[in-house]
1. Confirm whether residue 221 is modelled with pLDDT under 85, assigned to a helix (DSSP H, G or I) and either over 25 Å from residue 315 (Cα atoms) or touching a helix residue (DSSP H, G or I) at 6+ places or on another chain (Cβ under 7 Å) (or both).
2. If residue 306 satisfies all but one of (1) outside any loop (DSSP other than H, G, I, E, B); (2) modelled with pLDDT of 85 or more, what's the number of the condition it fails?
3. For the range 103-114, does any single residue satisfy the condition of being modelled with pLDDT of 75 or more, more than 14 Å from the chain's Cα centre (by Cα) and under 22 Å from residue 319 (Cβ atoms)?
4. Condition first: within 19 Å of the chain's Cα centre (by Cα) and not assigned by TED's automatic domain parsing to the domain that holds residue 318. Can you find one or more residues in the range 206-218 that meet it?
5. Provide a single number: the residues in the range 142-192 that are in contact (Cβ under 8 Å) with a residue 60 or more places away in the chain, touching a helix residue (DSSP H, G or I) at 6+ places or on another chain (Cβ under 7 Å) and in a loop (DSSP other than H, G, I, E, B).
6. Of the conditions (1) modelled with pLDDT of 85 or more; (2) more than 21 Å from residue 196 (Cα to Cα); (3) assigned by TED's automatic domain parsing to the domain that holds residue 236; (4) surrounded by fewer than 17 Cβ atoms within 10 Å (Cβ to Cβ), residue 120 clears all except one; give me its number.
7. Counting only residues that are farther than 17 Å from residue 317 by Cα and in contact (Cβ under 8 Å) with a residue 12 or more places away in the chain, which one in the range 328-364 is farthest from the chain's Cα centre (by Cα)?
8. Looking only at the range 278-324, which residues are more than 30 Å from the chain's Cα centre (by Cα), closer than 15 Å to residue 237 by Cα and buried (at least 20 other Cβ atoms within 10 Å of the Cβ)?
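The values are calculated or read from the model by the stated rules, or taken from the named source; none is laboratory data. Every value quoted in this text rests on a predicted model; they were computed, and no experiment measured them. In this analysis, Cβ positions are derived from the backbone assuming ideal geometry, glycine residues included, and neighbour counts consider all displayed protein chains.
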């Protein structure tokens, strides 16, 4: 948790009587449900509560039954709003260049496609606000804890085994509960026929929290989508993930239907891709990639290219650049550090390779993201 800055008392601070809170420390403010209350130590007497707007998206609410604010410097006095960065999280944000290349130019895939996908376990202080909404639908599926949402003028509580679909281009704000933060699986998805999707399948009825019985197949299908995209942005991977999206959404839109997924057989190609992922920070040759399968480099390359449409080395490089994209958008690491994490000691060579694959430099990608 981020330590609070020292703050001088100011007459501009708004005081609220103690009686307005039913449960000190954890209750939401009666006028501002997205503010939290936390205990701090002060040195003046008063039965008051005060809300302090902080820099950017930081807020906290001060409470002490016998004191008034004068100066605060307590490490537990601030609840930091975070959009991501949770322990154990998974997240993929598909670059716009990839969406343009593989989806928006392919008529069939435009009908329904993933733009972002993620998993946030026990997402303490999770908070997002989009004043003008976003271009996608957002599906939030809670498997534990709870949180609060505001969609235009409506306010909701999202609990475990519930989901909600947030429509495009509408104000929304959501936040995890302070004491029992939610665990979320989420997907941003879009379509070139947004109004048709809403009208034909009555998606609007899911613009509020909806109960859903736990179904292991939902998580299996989500994992299929994530794993496919995590294996690289090839046409086959993107196509497979977006075909899985149809099935994934069907569990929410048609919960009464029961379907059975066939058992998945792990192929040598699957093992090879997993080997690449496990060695993302290394520079591997075709010979080294082929060795675990007792193939010659030429035979291995021919098989790999037949299945994926590209050589194993090209595939490995694109996987590295995909991971670099995630680090650029989700961390504050320097470009040199990111280069090292994907196996390149020379940051200039890494930057040239990144631009060759992504059509923009790492710096431009980070600034645009």
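1. On the way: modelled with pLDDT under 85: no; assigned to a helix (DSSP H, G or I): yes; either over 25 Å from residue 315 (Cα atoms) or touching a helix residue (DSSP H, G or I) at 6+ places or on another chain (Cβ under 7 Å) (or both): yes.
No: the conditions fail for residue 221.
2. For residue 306, the failing item is (2).
3. yes
4. Yes - at least one qualifying residue is present in the range 206-218.
5. Residues in the range 142-192 being in contact (Cβ under 8 Å) with a residue 60 or more places away in the chain, touching a helix residue (DSSP H, G or I) at 6+ places or on another chain (Cβ under 7 Å) and in a loop (DSSP other than H, G, I, E, B): 2 in total.
6. Going through (1) modelled with pLDDT of 85 or more; (2) more than 21 Å from residue 196 (Cα to Cα); (3) assigned by TED's automatic domain parsing to the domain that holds residue 236; (4) surrounded by fewer than 17 Cβ atoms within 10 Å (Cβ to Cβ) one by one, residue 120 breaks only (4).
7. 363
8. Of everything in the range 278-324, just one residue is more than 30 Å from the chain's Cα centre (by Cα), closer than 15 Å to residue 237 by Cα and buried (at least 20 other Cβ atoms within 10 Å of the Cβ), namely 304.
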